[in-house]
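Data first, discussion second: the structure below is written as structure tokens.
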Amino acid sequence: MPPHPANDLTRRIVPSPAGRLHVVEQGTGPLVLLVHGFPESWYSWRHQLPALAAAGYRAAAVDVRGYGRSSKPAATDAYRMLELVADNVAAVHALGERTAVVVGHDWGSVIAANSALTRPDVFRAVGLLSVPYAPRGGPRPSTVFTSMGGDDEFYVSYFQEPGRAEAEIEPDVRGWLAGFYAALSADTMPAPGAPDPHFVGPGETLRDRFPARRLPGWLSEADLDFYAGEFERTGMSGALARYRNMDRDWADLADHDGAPLTQPSLFIGGGLDASTTWMADAIEAFPRTLPGLTSCHILDGCGHWLQQERPAETGRILTDWLADLPEPAC
């Protein structure tokens, strides 16, 4: 059992196109589907589940395909974006609902955005945490990533070759996760001017630039044990497969090139998060790309893991936004 949240969580295994999805839920009311990012799990929403339940919502956090107790298909192309959208739709229907609000963090933000974009009949509103919405377009993603960093290699490119990142991570999952979480947390990230942990130097591994032996304030030893235990059981290939489908996604979503998200939407970013600062142009474009945006927040002094670094503030922003949404149709 996880070291945190409340005892009234309900854990379900529901059918999905991949086989099964693990869903952890709390509360009753309109459904809010919570989608985590890399390298996390449903447990990333442990603070928001009770907060949303207390505010009158049915909060349901999934283990994304390839993570935790959800199915882990062997084929890399089973993790393309449209497959993950289908999993979200299946989760809503398996929970007995026709529609839901979808909220995602990190890769979950991208999955949530594409769920709302391609299935507006199911997802009536969308909340995006850390990674802003950027419509499909431009050059093939792999071309963009290989042009970044000069002599260094961008981490997304480093993750592309099956087995390469796994060979770095899996001999010491717990230590690698601790370093990765610390590298992107406000209180432990490298100082300005230090080597950027999003890049791999020649002859190095990604962890060579992680902070050593420092846990961020939001991450207890018990929390780290839970995350590490999940990945020690599943391995990392399912989680990393998301990165290995970016070119497939670019092709699959060609009909949505430049398309805005028109549902009511929310964005929360961390002021110290590279996802926010590198994608500042995407945030500036929100009047065109997110015309339904009703709540936008940049949390000063916050890193990437904002719903864990700032749990109460994130919960308050979410519940305030949800309260202002139109009632779901019958």
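The values are calculated or read from the model by the stated rules, or taken from the named source; none is laboratory data. Predicted, not measured: the structure shown is a model, and the values here were computed from it. Virtual Cβ from ideal backbone geometry, glycine too; neighbours counted across all protein chains shown. Heavy atoms of the whole protein, side chains included, go into the accessibility calculation; ligands, DNA and RNA do not. Shrake-Rupley method; radii C 1.70, N 1.55, O 1.52, S 1.80 Å.
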Query raised in the report: If you check S147 against the conditions, is it over 24 Å from A239 (Cβ atoms), of a type in the set (G, A, S) and open to solvent by 40 Å² or more (accessible area, probe 1.4 Å)?
Result: yes
Query raised in the report: Which of the residues belonging to segment 205-243 are over 27 Å from C302 (Cα atoms) and modelled with pLDDT under 95?
Result: none
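Let's see how each residue does on (1) farther than 22 Å from R69 by Cβ; (2) surrounded by 17 or more Cβ atoms within 10 Å (Cβ to Cβ):
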| site | (1), (2) |
| --- | --- |
| E204 | yes, no |
| R207 | yes, yes |
| D223 | no, yes |
| G238 | no, yes |
| D247 | yes, no |
| T262 | yes, no |
| I268 | yes, yes |
Requested in this report: Name every residue in segment 177-202 that is out of contact with any strand residue (DSSP E or B) (no Cβ under 9 Å at 6 or more places or on another chain) and either more than 23 Å from R310 (Cα to Cα) or open to solvent by 30 Å² or more (accessible area, probe 1.4 Å) (or both), in order of residue number.
Outcome: D187, M189, P190, A191, P192, G193, A194, P195, D196
Query raised in the report: Do we have any residue at all in segment 118-141 that's over 22 Å from A282 (Cβ atoms), surrounded by fewer than 24 Cβ atoms within 10 Å (Cβ to Cβ) and among the hydrophobic types (A, V, I, L, M, F, W, C)?
Result: yes
Query raised in the report: What residue, of R207, R214, R242, is under 26 Å from Y158 (Cα atoms) and under 20 Å from the mean Cα position of the chain (by Cα)?
Result: R242
Report task. Return the only residue of A112, A116, A125, A134 being within 27 Å of V89 (Cα to Cα) and assigned to a strand (DSSP E or B). Result -> A125
Query - Failed item, numbered, when I13 is tested on (1) among the aliphatic types (A, V, I, L, M); (2) open to solvent by 10 Å² or more (accessible area, probe 1.4 Å); (3) under 24 Å from D121 (Cβ atoms); (4) part of a strand (DSSP E or B) - result: (3)
Requested in this report: Considering only segment 287-311, state which residues are in contact with a helix residue (DSSP H, G or I) (Cβ under 8 Å, 6 or more places away or on another chain) and open to solvent by 10 Å² or more (accessible area, probe 1.4 Å).
Outcome: T289, L293, T294, S295, C296, H297, I298, P311
Requested in this report: Select from segment 150-173 the residues that are open to solvent by 60 Å² or more (accessible area, probe 1.4 Å) and more than 26 Å from D255 (Cβ to Cβ) and list them in ascending order.
Outcome: G150, D151, E161, P162, R164, A167, E170, P171, D172
Report summary line: Exactly one of A78, A18, A91 is touching a strand residue (DSSP E or B) at 6+ places or on another chain (Cβ under 9 Å) and farther than 28 Å from L219 by Cα, and that one is A91
Query raised in the report: If you go through segment 120-147, how many residues are farther than 18 Å from R242 by Cα and out of contact with any helix residue (DSSP H, G or I) (no Cβ under 6 Å at 6 or more places or on another chain)?
Result: 9
Report task. Can you run down the residue pairs with Cβ atoms below 6 Å, 6 or more apart or on separate chains, where the first is in segment 56-78 and of a type outside the set (F, W, Y) and in a loop (DSSP other than H, G, I, E, B) and the partner is at pLDDT below 95 and crowded, with 18+ Cβ neighbours inside 10 Å? Result -> R65/A18; S71/A18; P73/A18
Query raised in the report: Of the residues in segment 86-117, how many are farther than 22 Å from L52 by Cβ and buried (at least 23 other Cβ atoms within 10 Å of the Cβ)?
Result: 1
**Report entry** Residues located in segment 268-289, provided they are of a type outside the set (D, E) and over 19 Å from the mean Cα position of the chain (by Cα)
**Finding:** A285, F286, P287, R288, T289
Query - Meets criteria (open to solvent by less than 50 Å² (accessible area, probe 1.4 Å) and free of Cβ contacts under 8 Å to residues at least 60 places away in the same chain) for W218 - result: no
